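Working notes, structure below.
Only the coordinates and a few stated rules stand behind these numbers; no lab work does. Keep in mind it's a predicted model, so treat the numbers as computed, not measured. Heads up, the Cβs are rebuilt from the backbone with ideal geometry, glycines too, and the neighbour counts pull from every protein chain shown.
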Amino acid sequence: MKHAKLFTERNFTVGDVDKRLYGSFIEHLGRAVYEGIYQPEQAAADEEGFRRDVINLVRELDVPVVRYPGGNFVSGYNWEDGIGPKASRPARAELAWRMTEPNTFGLDEFVSWCRKAASSPMMAVNLGTRGIDDARNILEYCNLAKGTYYSDLRIKNGQAQPHDIKLWCLGNEMDGPWQIGRKTAYEYGRLASETSRVMKMLDPSIETVACGSSGWGMPTFGEWESKVLAECYDEVDYLSLHQYYGNPENNTPEFLANNIAMDRFIKEVVALCDAEKAKKRSKKHIYLSFDEWNVWYHSRGQDRKLEQWGKAPHQLEDIYNFEDALLVGSMLITLLQNADRVKIACLAQLVNVIAPIMTSDTGAWKQTIFYPFAYTSKYGRGKVLQSVLDAPSYETESLGAVPVLDAVPVFNEEDETLTMFVVNKDLNDDVTLNCDLRQFDGYKVLEHKQLTHADLKAVNTEASPQTVSPSDGGQSSVENGRLTAELKKASWNMIRLGKA
Ligand code: AHR
């Protein structure tokens, strides 16, 4: 048994949790749209062809924003292909993922699906093959009430009310050599600046996200951020970060340390934004949108064998195991710990494609990563409290010494609950965590949920959907204002405290 201490202070906060920290992502890719959220012929489909079983699970995840329609897909997408009567929509050869896009689901369907899923769209515009003109047209279609060509076209298409979409991504991963219409940092910075400026001329209430590097490991990381921000700092509101992690070498301690790398990535992007702020003597902060994050590696081998130009192929279908859920829990803790600057984050993606929800023709079920996301999204709202953790550590090759625990306290002023999210990465030892809670007079443990499993590689399937699922058996208590929590080896924990 190991021991750790967490010191926290009720009046010192990191920042308010922006609910958009619990966003997700639907791309026209694999079976995310078709067979994922939209499958008219399936038994659970509603009158619009949306799968009710999936909508119910998305509501359980409580996802306030969903990024759409890509991803790499958006850089070759003509949004007009996906509006109007379905019979006249063209099928296209989709170059990003080399599949056939039937366009039977598009912008209007997505907005309607978001409403049913209790979410809202975070729309991306195509800055690969298209540009400013296309961006202002789609915005006019979505947000202007009536009386112009595109707003009237929306009304003609049966959408009387404006979609009123507030959040817009200026392209996707424009630094990536794989990106359709990729740009140099200068080219992209100028285009992002002008596109954002023109879009805000049309609707000043929107916010825009410029593309940062498509990963921390990109050779141009840092230089890209600086050059892009040099051009568009005054016109945009957020800079994006994307990162996926994997365990191809089957080195679990190393794999579980990846949220520490994520933390460094965030801190470095904050530094790059603030350096630009200083150079420009600006009063404005650029906030971060971590709009693609997850584990992604299980499906890479089989995806290399996929036939081209298929329709809704099984692509990027990672089957997540228990250790993936631990890292996802830790990444959520890292995002919360940076809540002062990270205002938006999107778990990539939502259904079937590197996703917490899987579907077949007969049903929908929760992958292992569903659980830490669902509980953090539900209870990780309010103010993140500052805290200092004193915990044993272990050595990693890539990051040096890494603490065996990740922990973050979140205080919800509305119902006066304090929720601690804690991951114990130690594969051999349980850890006893102590925390002085004398500032939380009369607080007791309301519940201690834990996710544990003897097999790090255990997965959920349609036939066995509950193999990895949380239990209420966590041992923790408060005595004389001090919390003692028993954290099982390799476990994700949520300890909720209140006045009972
Ligand atoms: O989420 C899958 C892909 O990963 C996205 O399309 C792209 O933006 C990223 O490289």
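Structure above, values below:
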read-out: Cα-centre dipole for segment 1-146 with unit charges at Cβ (Lys and Arg positive, Asp and Glu negative), debye to 20; value: 500
read-out: Length-normalised contact order of segment 392-500 in % [C-alpha pairs under 8 Å, at least 6 apart]; value: 35
read-out: Length-normalised contact order for segment 250-374 - Cα pairs under 8 Å, 6+ apart - percent; value: 30
read-out: Rounded to whole Hz, the Karplus (6.51, -1.76, 1.60) HN-Hα couplings of segment 426-431, x for glycine and proline; value: 5, 7, 10, 10, 6, 10
read-out: Phi to ³J(HN,Hα) by Karplus 6.51 cos²θ - 1.76 cosθ + 1.60 over segment 261-273, Hz, x for Gly, Pro; value: 5, 4, 4, 5, 4, 4, 4, 5, 5, 4, 4, 5, 5
read-out: Per-residue [θ]222 nm for the chain (sum of -39500 (n - 2.57) over DSSP H runs n ≥ 4, rounded to 500); value: -7500 deg cm²/dmol
read-out: Amide H partners (placed H, <5 Å) of residue 120, local residues excluded; value: 65, 66
read-out: Residues with amide H under 5 Å from that of residue 345, placed H, sequence gap 5 or more; value: 21, 22, 23, 290
read-out: Fraction of antiparallel bridges per DSSP, segment 260-385 only, in percent to nearest 5; value: 40
read-out: Those aspartates and glutamates that a straight Cα-Cα span of less than 12 Å connects to residue 311, excepting residues fewer than 8 apart in one chain; value: 35, 94, 101
read-out: Anisotropy class of segment 143-235 from Cα gyration tensor, a/c 1.5 cut; value: prolate
read-out: Positive-end residue of 170, 409, 398, charge dipole of the chain with Cβ unit charges; value: 170
read-out: For segment 134-267: lysine pairs under 30 Å (alpha-carbon distance), excluding those fewer than 8 apart on one chain; value: 15
read-out: Likely footprinting exposure, 187, 249, 101, fewest C-beta neighbours within 10 Å first; value: 249, 187, 101
read-out: Local net charge near residue 339, Cβ-Cβ under 15 Å (Lys/Arg +1, Asp/Glu -1); value: +1
read-out: About the Cα centre, charge dipole magnitude for segment 373-487 (Lys/Arg +1, Asp/Glu -1 at Cβ), debye; value: 220
read-out: Relative packing of 208-218, 280-290, 423-433, which averages over residues the other C-beta atoms within 10 Å, highest first; value: 208-218, 423-433, 280-290
read-out: Charge sum, other residues only, whose C-beta stays under 14 Å from residue 459's C-beta, Lys/Arg counted +1 and Asp/Glu -1; value: -4
read-out: Lys, Arg +1 and Asp, Glu -1 on Cβ, resulting dipole of segment 69-162 about Cα centre, debye, nearest 20; value: 200
read-out: Distance from segment 263-292 to segment 68-103 (C-alpha centre basis), Å; value: 33
read-out: Relative frequency of Cα-Cα separations exceeding 28 Å in the chain, percent; value: 53
